[in-house]
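S.K.: Dropping the structure in here first, questions after.
None of the figures in this text is laboratory data; all of them are computed from the coordinates on show. Model, not experiment: these values are computed from the prediction. Note that each Cβ is placed from the backbone with ideal geometry, even for glycine, and that neighbours are counted across all protein chains shown.
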Amino acid sequence: MGGAWRLAPRFTVQRLTDQSDSSSQTSYIPSALLDWQRGNKLLQFEVGGELGSREAFLQLANGQFVQTQNTTRYYASLSYRLTLQN
């Protein structure tokens with residue numbers, strides 16, 4: 001975008017493994033930051049989410065069991081900053 005507007009899309013992938021219980025977690029985190037800056041004023045709007053899955057392998061008396069937990073989170077934030085100059 002041009003002028004005082006900027007757009008910054010982001011995409012993060014996290015893969016974590018817990019050694020204590022052999023569980024693994026994968027998260028996909030897309031977001032977009034839109035800001036407008038003019039002089040000493042800055043306005044920012046950010047939206048995003050997190051889509052994740054965690055798998056834990058449990059050993060039971062009658063065999064192995066896989067437990068899956070899915071996570072979905074969304075967020076939005078709006079901020080305004082005014083810089084005062086002396």
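S.K.: Quick one: Karplus J couplings for the range 37-52, per residue in order, coefficients 6.51, -1.76, 1.60, θ = phi - 60°, nearest Hz, x for Gly and Pro?
M.R.: 10, 9, x, 9, 10, 9, 10, 10, 10, 10, 10, x, x, 9, 10, x
S.K.: Continuing with the same structure: Express in nm, to one decimal, how much length is gained between Arg73 and Ser24 on full extension, taking 0.36 nm for each residue of separation and deducting their alpha carbon distance.
M.R.: Length difference between fully extended and current span is 15.8 nm.
S.K.: How big is the charge dipole of the range 5-81 about its Cα centre, in debye rounded to the nearest 20, if each Lys and Arg gets +1 on its Cβ and each Asp and Glu gets -1 on its Cβ?
M.R.: The calculation lands at about 540 debye.
S.K.: Restricting to Cα pairs below 8 Å that are 6+ residues apart, what does the relative contact order work out to for the chain? Please round to a whole percent.
M.R.: 25 percent.
S.K.: Another question about this same structure. Please work out whether the range 5-81 counts as rounded, prolate or oblate from its C-alpha gyration tensor, where a ≥ b ≥ c are the square roots of the eigenvalues and a/c under 1.5 means rounded, while otherwise a/b larger than b/c means prolate and anything else oblate?
M.R.: Judged from the Cα gyration tensor, the range 5-81 comes out prolate (a/c at least 1.5, a/b above b/c).
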